[in-house]
Amino acid sequence: MTAMRFAALRKWAVQTARLCCGVPDYEAYVKHLRERHPERRVPSYAEFYRERTEARYKGGGGRCC
């Protein structure tokens with residue numbers, strides 16, 4: 001297995017484990033913002049995590065589109 005394939009497999013495994021535990025995927029969110037909402041400011045990881053946690057446990061919004 002090449003180093004790049006191992007790195008890709010590791011990234012996928014970490015992302016899957018985080019999603020299974022309910023930890024939001026910051027990298028995917030930043031990518032989504034840059035591609036579909038370039039006018040919006042990219043939040044820091046702390047801001048993103050706080051907003052996701054509040055949305056999850058307080059029943060607030062969650063999806064932007």
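Miscellaneous remarks
- Degrees, to the nearest 10: 45-58 long Cα axis against longest axis of the chain: 60
- Accessible area (Å², per residue) of the range 1-57, counting only protein heavy atoms and a probe of 1.4 Å: 85
- Helix 26-36 and the longest principal axis of the Cα set of the chain meet at an angle near 70°.
- Heavy-atom surface analysis with a 1.4 Å probe gives the chain a carbon and sulfur content of 57 percent of its accessible area.
- GluC sites (Glu not before Pro) lying in DSSP loop within the range 13-59, provided at most 12 other Cβ fall within 10 Å: GLU39
- Mean residue ellipticity at 222 nm, helices only, the chain: -22000 deg cm²/dmol; runs of at least 4 DSSP H residues each add -39,500 (n - 2.57), and the sum is divided by the number of residues.
The values are calculated or read from the model by the stated rules, or taken from the named source; none is laboratory data. This one's a predicted model, so the numbers in the text were calculated from it and none came from an experiment. No Cβ is skipped: glycine too gets one built from the backbone with ideal geometry, and neighbour counts run over all protein chains shown. When the accessible area is computed, the model is the full protein with side chains, heavy atoms only, and any ligands, DNA or RNA have been set aside. Shrake-Rupley method; radii C 1.70, N 1.55, O 1.52, S 1.80 Å.
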